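Structure first, commentary second.
The values are calculated or read from the model by the stated rules, or taken from the named source; none is laboratory data. Being a predicted model, the structure only gives us computed values, none of them experimental. Cβ sites come from the backbone with ideal geometry, for glycine too, and all protein chains shown count toward neighbours.
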């Protein structure tokens, strides 16, 4: 009893010295305890999300957690979320850059013109963009070929190959074509690499009445959407190195599924690519044509 009385006297003295009432003191104490409990719940939920999407950004993480926060009557803003992540070592670093060269445009095969410089896709199934990136193995590299829908950002075809030949891109394109009911109004855009200019790849496009478009320079911004999709997979959903190609293939398949069905995109109104792909009405745009941006930059520099 004496201990309780002593505690009460100590609190009264502390409040007197700080100029606060006992009511204000206990209110602050309650708020602190509530914040600690809420922080623990948020960290636990964040950790669960990061098991699936290891490097998902903080803003997207906050959006993904909105139903959980509402269910538990937790209110937290962006800055507080960043602080909480930083204090618990959960902020993600910058993504890795692709240093490996996968494009060789110094060849004799026909290079097609760029058809999309002034084109902004307005529906799924209008423009596909393709690219190749490398995936590190414990011994050497494997090469990931992707075909993505420029409107929805959905990956519609992919293949991981042990060699940098046309076989991987052709397989990825075959998957994309197999998932599309009508390809006659499609444009396919890629760099001018030999894999995309060879007879097998061009022939498959022509057989399915798909128009062929290619970049006119080595600037990655000429194929910006494809480069961005590659970057998200490598920086957020794939590991730095895999022990063998079989393990890498399983990881790529899982990463593509996560990307398509679980990861929201700011550029498509915070929808997942799969949801955006199924939309009949035009999406609210949060992005501009990357090719038009490049031309504006160049015009500004020339002026």
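Pull out all pairs, ordered by first then second residue, where Cβ-Cβ is under 7 Å, the residues are six or more apart or on different chains, the first lies in segment 165-176 and is outside the structural domain of residue 203 (by TED's automatic domain parsing) and free of Cβ contacts under 8 Å to residues at least 60 places away in the same chain, and the second is crowded, with 20+ Cβ neighbours inside 10 Å and assigned to a loop (DSSP other than H, G, I, E, B). Listed by first residue and then by second, the contacts come to nothing, as the list is empty.
The set of residues in segment 233-256 being surrounded by 19 or more Cβ atoms within 10 Å (Cβ to Cβ) and out of contact with any strand residue (DSSP E or B) (no Cβ under 6 Å at 6 or more places or on another chain) consists of 233, 234, 236, 237, 238, 255. Grab the helices (runs of 4 or more DSSP H) fully contained in segment 160-217, keeping just those with 2 or more residues being touching a strand residue (DSSP E or B) at 6+ places or on another chain (Cβ under 6 Å). Answer list for segment 160-217: 167-178.
Out of all the residues in segment 233-252, which are assigned to a helix (DSSP H, G or I), out of contact with any helix residue (DSSP H, G or I) (no Cβ under 6 Å at 6 or more places or on another chain) and touching a residue at least 40 places away in the same chain (Cβ under 8 Å)? Within segment 233-252, 234, 235, 236, 245, 248, 249, 252 qualify. For segment 131-142, what are the residues that are part of a strand (DSSP E or B) and either within 20 Å of residue 246 (Cβ to Cβ) or not assigned by TED's automatic domain parsing to the domain that holds residue 268 (or both)? Within segment 131-142, 132, 133, 134, 135, 136, 137, 141, 142 qualify.
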